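Asker: Questions regarding the structure given below will be posed in turn.
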Amino acid sequence: MKTILITGAGTGLGKELALAYAKRGDRIILVGRTKESLNDVKDLIKRTKGSSLVASCDISDGQAVKKLIERLVSIEKIDMLINNAGIGYFGNLQDLSIEEISQMIDTNIKGTIFMTKEVLPIFLEHQSGKIMNIISTAGLRGKVRETAYVASKFAVRGFTESLIKELEHTSIKVSAVYMGGMNTPFWEGSDFIKDPSRLKSVKQVAKEIVEREDEEQMIIS
Ligand SMILES: NC(=O)c1ccc[n+]([C@@H]2O[C@H](COP(=O)([O-])OP(=O)(O)OC[C@H]3O[C@@H](n4cnc5c(N)ncnc54)[C@H](OP(=O)(O)O)[C@@H]3O)[C@@H](O)[C@H]2O)c1
């Protein structure tokens, strides 16, 4: 049994990863801003071999992340961190608002870095642990009308590749996952994707991630 902290665990890929790991009997720390959706996932996990704990937190707030991990470390032994929470706003650059750009940078980049920075000392102390960063094919190549989102995902890729090098002489494993479009609430309120139901099944993607968990660079085509 492993204890896995998943950010953005209330919906979409984070929720499906939580359920997939819980089915294996793992304990999941469900992190996100909306308690209701995290509690719904907690209820679903009760029907599996696994267990869970809800911890609401805005990962873009560095002090809140620090406090969360300080609190968790006294009650849980975290074995794995999955940096999954992320948001996207799409359209021509001149049409994106400052707020939308800031939110992507703050959540996708800073959120991932803050969470990792706080969990890393625990992993170093135990000389074990895994960090998995959910990126996107937007972290592999530039895309039209995705400028700021792609920039945020390239940043997470750079962060991940650098961390792999920084930790290569330790027992801590760091990995990156690059996938294309999935049918999740990510697309709600956006007309960027005409029919999200035609995108990949998020359950299927979660299953593949769990199966290929040990790959340092996982590209899901
Ligand atoms: N859907 C796709 O087509 C696709 C493709 C490639 C990669 N991805 C990536 O996959 C990851 C998961 O996305 P998804 O498709 O599953 O979308 P989603 O259903 O919208 O999930 C994103 C989750 O992140 C949480 N979140 C957002 N901001 C947060 C914050 N500041 N602090 C804590 N939690 C926050 C949200 O919950 P709260 O709002 O309650 O906080 C939500 O549960 C993202 O990194 C996304 O960029 C998605």
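The values are calculated or read from the model by the stated rules, or taken from the named source; none is laboratory data. Since this is a predicted model, take the numbers as computed values, not measurements. Reconstructed Cβ throughout: ideal geometry from the backbone, glycine too, with neighbour counts over all protein chains shown.
Asker: Among the residues of the range 22-53, how many are surrounded by fewer than 19 Cβ atoms within 10 Å (Cβ to Cβ) and more than 9 Å from the ligand (Cβ to nearest atom)?
Answerer: 13
Asker: Counting only residues that are of a type in the set (S, T, N, Q), assigned to a loop (DSSP other than H, G, I, E, B) and out of contact with any strand residue (DSSP E or B) (no Cβ under 8 Å at 6 or more places or on another chain), which one in the range 32-65 is farthest from GLU16 (Cα to Cα)?
Answerer: By that ranking, first place goes to SER60.
Asker: Need the failing condition index for ASP79 against (1) surrounded by 18 or more Cβ atoms within 10 Å (Cβ to Cβ); (2) among the acidic types (Asp, Glu); (3) within 11 Å of the ligand (Cβ to nearest atom), just the number.
Answerer: All conditions are met except number (3).
Asker: Ok, one more. Of the residues LEU19, LEU13, which is near the ligand (Cβ under 9 Å from one of its atoms), among the aliphatic types (A, V, I, L, M), assigned to a helix (DSSP H, G or I) and within 18 Å of the chain's Cα centre (by Cα)?
Answerer: Answer to the selection: LEU13.
Asker: Pairs, please: C-beta under 6 Å, at least 6 apart or cross-chain, first residue touching a residue at least 40 places away in the same chain (Cβ under 8 Å) and in the range 182-207, second more than 8 Å from the ligand (Cβ to nearest atom) and assigned to a loop (DSSP other than H, G, I, E, B)?
Answerer: PHE192/PHE90
Asker: Picking from ILE78, ILE87, which residue would you name as being within 12 Å of the chain's Cα centre (by Cα) and either more than 15 Å from GLU213 (Cβ to Cβ) or not hydroxyl-bearing (Ser, Thr, Tyr) (or both)?
Answerer: Matching residue, one of ILE78, ILE87: ILE87.
Asker: Now a separate question. Determine whether the range 157-166 contains at least one residue that is within 13 Å of the ligand (Cβ to nearest atom), modelled with pLDDT of 95 or more, in a loop (DSSP other than H, G, I, E, B) and not aliphatic (A, V, I, L, M).
Answerer: no
Asker: So which of THR137, THR184 ends up being surrounded by 15 or more Cβ atoms within 10 Å (Cβ to Cβ), out of contact with any Phe, Trp or Tyr (no Cβ under 8 Å at 6 or more places or on another chain), modelled with pLDDT of 95 or more and under 22 Å from ILE101 (Cβ atoms)?
Answerer: THR184
Asker: On to the next question. Going through the range 184-221 one residue at a time, which ones are over 16 Å from the mean Cα position of the chain (by Cα), assigned to a loop (DSSP other than H, G, I, E, B) and polar (S, T, N, Q)?
Answerer: Within the range 184-221, SER190, SER201, SER221 qualify.
Asker: Restricting to the range 109-136, what's the tally of residues that are aromatic (Phe, Trp, Tyr) and within 26 Å of MET182 (Cβ to Cβ)?
Answerer: The number of residues fulfilling the criteria is 1.
Asker: Now for a different question. Of the residues that make up the range 170-178, is at least one near the ligand (Cβ under 8 Å from one of its atoms) and among the charged types (D, E, K, R)?
Answerer: no
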